[in-house]
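The values are calculated or read from the model by the stated rules, or taken from the named source; none is laboratory data. Just so it is clear, the structure is predicted and the values come from calculations on it, not from any experiment. Note: ideal-geometry Cβ built from the backbone for every residue, glycine included; neighbour counts use all protein chains shown. All accessible areas refer to the heavy atoms of the entire protein, side chains included, with ligands and DNA or RNA removed. Shrake-Rupley method; radii C 1.70, N 1.55, O 1.52, S 1.80 Å.
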Amino acid sequence: MGTGPFVIKQVVQDQKIVLVRRAGYDWGSTVRGNTGEAYLTKITFLVIPEAAARIGALQSGQVDAIAYPSSNNISEVSSSSNVFTAASAGVVYTLYPNVTNPLLAQLPVRQAIQRSIDRQEIKKVTLDATGTAATSIVSHTFPSYTNLSSQLTDSSKAVTSILTKAGWAKGSDGIWAKDGTRLSVDLQYSSPNYEQLFELIQQQLKANGIELTLKQLTAAQVTANQASGNWGLTYGNLTRPDPDVFLSSFTATYSNFITKDVDPALVKLIDDQSAEADSAERSADSKKIQKLIVSDGLGFPIEEATSVIATKKTVHGVRFTAPWWAIFGAAWIEK
């Protein structure tokens with residue numbers, strides 16, 4: 001149980017991992033495309049941190065496949081290679097609000113931020129051909145996915161209506177304010193890979209009268225601030241193809257981001273689906289949960305997480321698990 005089609009033969013830290021075919025393997029999933037022994041006799045995983053170096057290794061023939069070619073080079077790679085992709089089944093890459101923050105604790109503020117983000121512009125500007133803009137809090141491959149595009153469309157008119165009704169008014173600098181407090185929040189992150197994305201979101205929010213301050217910190221600082229509650233927005237996702245992913249991501253008991261439960265109806269739905277044995281009932285609860293998370297602004301979904309493997313044209317049969325990891329039990333090389 002749980003034993004795969006390959007066996008670890010060698011591990012050289014920070015250099016490589018070598019797997020060899022498991023003799024007699026005959027209990028693989030039919031979804032994998034090959035229930036028996038792997039076609040490949042050996043796989044060597046090389047550690048090549050830089051995307052450009054990985055692409056060079058593939059194009060020069062030093063390796064048969066690479067993971068995560070850079071977005072800037074995906075078109076170039078696609079013309080000379082096979083590109084295998086899979087969207088992660090789980091919570092998409094999401095901006096999580098700190099609901100204990102005085103501003104983000106307010107439902108109208110979260111709703112206004114939700115409607116200020118132009119996900120189609122994000123797709124056009126920052127995502128490559130393999131990327132997909134979010135249309136729900138979960139990916140389209142999630143078992144009980146429901147399309148919430150209409151609630152995730154940017155609308156300056158909606159933002160104005162939401163904030164005006166809540167007593168906010170635009171100041172001379174174009175930023176909404178209420179009782180002397182400007183609508184200004186921060187986004188803390190550590191990876192420089194997200195700079196272009198976050199700068200675009202910053203511009204989108206500013207166009208709707210919301211100030212977003214970007215704070216690039218060390219990973220340790222981000223973790224410490226989250227623990228102390230000293231943060232506004234943070235970015236993350238969770239791959240898990242089951243509605244219990246909501247328990248891990250959107251309840252104060254288990255989530256690293258939601259530190260206070262603000263919607264009793266949502267918490268009840270999440271708890272109910274977790275205990276529900278009937279799959280149809282769980283699916284129905286899951287769809288309600290997705291709608292509540294989006295309408296409550298407890299997560300601002302941005303893009304689906306996508307796994308990308310580029311290979312030589314002679315490599316075939318690369319598949320992925322439901323979460324998004326590549327599997328090679330059915331992979332083979334054309335000679």
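Before moving on, here are some points about what is shown:
- Difference of contour (0.36 nm per residue) and Cα-Cα distance, Ala105 to Arg22: 24.6 nm
- Karplus (6.51, -1.76, 1.60) ³J(HN,Hα), θ = phi - 60°, over the stretch 147-157, in Hz, Gly and Pro reported as x: 6, 10, 3, 5, 8, 10, 8, 5, 7, 4, 5
- Pairwise centroid distance, computed over Cα atoms, of the stretch 246-274 with the stretch 103-133, Å: 22 Å
- Cα-Cα separations in the chain greater than 29 Å, expressed as whole percent: 47 percent
- Each residue of the stretch 56-64 was assigned a 3J(HN,Hα) from its phi angle through the Karplus expression (A = 6.51, B = -1.76, C = 1.60, θ = phi - 60°), giving x, 5, 5, 5, 8, x, 5, 10, 8 Hz with x at Gly and Pro.
- Choice from Ser136, Ser88, Ser150 with maximal GNM fluctuation in the chain (Cα, 10 Å cutoff): Ser150
- The label-point distance for Tyr68 and Ala53, in a model that sets each label 7 Å from Cα toward Cβ, rounds to 1.4 nm.
- Dipole in debye (nearest 20) - the chain, about Cα centre, beta carbon charges: Lys, Arg +1; Asp, Glu -1: 420 debye
- Heavy-atom SASA rank of Arg115, Arg182 (probe 1.4 Å, accessible area, largest first): Arg182, Arg115
- For the stretch 328-335, the Karplus equation 6.51 cos²θ - 1.76 cosθ + 1.60, evaluated at θ = phi - 60°, returns couplings of 10, x, 10, 6, 8, 10, 6, 9 Hz by residue, with Gly and Pro reported as x.
- P(r), alpha carbons of the stretch 1-73 - 10 Å bins starting at zero, rounded %: 18, 37, 32, 14, 0
- With at most 12 neighbouring Cβ atoms within 10 Å, loop GluC sites (Glu not before Pro) (DSSP) excluded, longest segment of the chain: 51-333
- 27 Å Cα-Cα threshold exceeded, pairs from Lys157/Lys215; Lys123/Lys215; Lys123/Lys165; Lys123/Lys206; Lys124/Lys260: Lys157/Lys215; Lys123/Lys165; Lys124/Lys260
- Virtual spin-label span in nm between Ala252 and Thr30, 7 Å along Cα→Cβ: 4.7 nm
- In terms of accessible area, using a 1.4 Å probe and ignoring ligands and nucleic acids, Ser60, Ser155 rank largest first as Ser60, Ser155.
- Rounded to 5, the percent of DSSP beta bridges in the stretch 58-217 classed as antiparallel: 45 percent
- Farthest positive-ward along the stretch 1-99 dipole, Cα basis, beta-carbon charges - from Phe45, Tyr96, Ala65: Phe45
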